[in-house]
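Bear in mind that the values in this text are calculations on the coordinates, not laboratory data. None of the values given here were measured: they were computed from a predicted structure. Virtual Cβ from ideal backbone geometry, glycine too; neighbours counted across all protein chains shown.
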Amino acid sequence: MNDFSMPIPYKELDEGIKLSIENAERLIKDAKILYDNGCYSSASFLAIVALEEEGKAAMLLKRLLVHKDIPKKQWDDRSEFKNHKRKLIAAQEAISKYRKLRIKVGSKRWKQVHDGSRQILLRTKR
């Protein structure tokens with residue numbers, strides 16, 4: 001990706017989508033290990049962060065589809081890409097709306113990330 005003082009061109013957002021999903025996959029893998037070893041709170045935390053990564057991928061795809069660059073100011077501390085609630089909402093919307101993201105990432109891969117997060121969160125909810 002670009003230097004953060006410059007806007008990120010929409011043509012480079014594919015890479016961000018790929019990295020977000022890879023990060024989500026890694027977080028789910030780690031969360032499963034923690035869960036299997038009785039570290040339920042830590043597993044839940046990583047599962048939530050994985051969902052945020054899924055949401056970030058959905059937000060990037062939305063920009064990519066409309067050919068919209070991301071201005072530098074949107075990477076600042078209070079941007080939509082740093083807002084936990086907005087990323088979680090985007091992840092939820094991605095489940096039903098972003099068929100194109102599931103196609104781009106691969107339906108099986110997308111399902112593993114999302115279902116992995118949900119399973120850990122549902123198991124640890126007491």
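Here are the numbers:
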{"quantity": "Distance violations [Cα-Cα > 22 Å] among K29/K73; K11/K72; K11/K73", "calculated": "K29/K73"}
{"quantity": "Ordering of 58-67, 84-93, 33-42 by packing [mean C-beta count within 10 Å, highest first]", "calculated": "58-67, 84-93, 33-42"}
{"quantity": "Sites S42 and M6 - FRET efficiency at Förster radius 35 Å, r taken between beta-carbons, to 0.05", "calculated": "0.45"}
{"quantity": "Amide H contacts under 5 Å for I70, placed H, 5+ residues apart", "calculated": "I8, Y10"}
{"quantity": "Unsatisfied cross-links (Cα-Cα over 20 Å) in the set K32/K87; K32/K82; K18/K82", "calculated": "K32/K87; K32/K82"}
